[in-house]
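*Asks:* Please find one structure pasted underneath; my questions will follow.
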Amino acid sequence: MTETNTSRSMINIHRSSSSLWSNCRPDIQRRINALLNYQAEYFRLRVKFYRQLQELQYAYSPQFERILERRRTIIDGSCEPTELEKQINWSNISISQELEQVSTKNMLDTSNSN
């Protein structure tokens, strides 16, 4: 969703629901307005986040594709691995373990925040 669409959605939500709280007390209306502003800010931030994430994906895509293509050729037998590729790279294994630990920690953090 683009920032413009998000803004339009927020305006439409505000217009359609403004009649719901127009009879509310002023303090309630102020709270609702503040919450709508924070929701709009949240949406803008999410749009920015996903744009940057997409840029990162595009930036790293050629590198991922190169690795995946090389793996495919080794798997289907159209190319044999080089002597260097045949050796186990222990630093890659430690990276996998670190990623697993981070993933487990993130899962625990997510479940604790709910």
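The values are calculated or read from the model by the stated rules, or taken from the named source; none is laboratory data. In this text, all values refer to a predicted model and were calculated from it rather than measured experimentally. Don't worry about glycine lacking a Cβ; one is built from the backbone with ideal geometry, like all the others, and counts go over all protein chains shown.
*Asks:* Is it true that some residue in region 7-28 is surrounded by 10 or more Cβ atoms within 10 Å (Cβ to Cβ), assigned to a helix (DSSP H, G or I) and modelled with pLDDT of 70 or more?
*Replies:* Yes: region 7-28 contains one or more residues that are surrounded by 10 or more Cβ atoms within 10 Å (Cβ to Cβ), assigned to a helix (DSSP H, G or I) and modelled with pLDDT of 70 or more.
*Asks:* Can you tell me which residues in region 53-79 are touching a helix residue (DSSP H, G or I) at 6+ places or on another chain (Cβ under 8 Å) and acidic (Asp, Glu)?
*Replies:* Result: no residue meets the conditions.
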